[in-house]
Amino acid sequence: MRLPQILAVALVAAAPAAAQAPARGSHTATVGELATLCAVPAGDPSFAHASGLCRGFIGGFAQYHAVMTQPGTRHRPLFCVPTPPPSGEQAASAFAAWARSNPQAAGELAVDGLARWFIATYPCPAAPPARRPAAR
């Protein structure tokens with residue numbers, strides 16, 4: 001099996017495992033592996049596969065966050081993606097660049113690193129201060 005195929009299998013296997021604490025000896029996708037997929041150049045024979053996995057992982061995470069933090073839920077957003085959002089290719093490239101700039105995160109769970117990247121890249125505007133009632 002080639003490296004991109006191994007990474008692809010690891011990312012697919014990580015989806016259900018990301019919801020649980022990883023057991024010692026088991027494999028879950030890491031920031032480094034996701035970044036490797038996101039950085040595959042367009043001319044590479046495995047680009048379509050790697051890019052699809054990378055963008056699917058990022059898009060799925062963003063959609064889950066959006067659903068969990070929509071108005072009326074009890075969760076506040078961790079990050080605020082602008083409108084219009086970046087393209088999948090832009091997000092993939094930016095995440096790969098973030099991972100290169102943060103090599104200490106390479107061994108973390110991909111979902112944890114992705115959350116940290118989203119939070120750093122798309123911070124939410126500060127909430128306006130609460131208004132105090134007028135003093136009498």
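Brief remarks on what is shown
- With neighbour counts taken as other beta-carbon atoms within 10 Å, the residues H75, H65 rank, fewest first, as H75, H65.
- Summed side-chain charge close to S51 - residues other than S51 whose Cβ falls under 11 Å, Lys, Arg +1, Asp, Glu -1: -1
- FRET efficiency, 1/(1 + (r/R0)^6) with R0 25 Å, evaluated for T69 and S93 via beta carbons: 0.50
- Annotation for F47 and I119: the two label points, set 7 Å from Cα along the Cα-Cβ direction, are 3.4 nm apart.
Quick note: the coordinates plus some simple rules give every number you see, no bench work behind them. These numbers come from a predicted model, not from an experiment. Here Cβ is always computed from backbone atoms with ideal geometry, including for glycine, and neighbour counts include all displayed protein chains.
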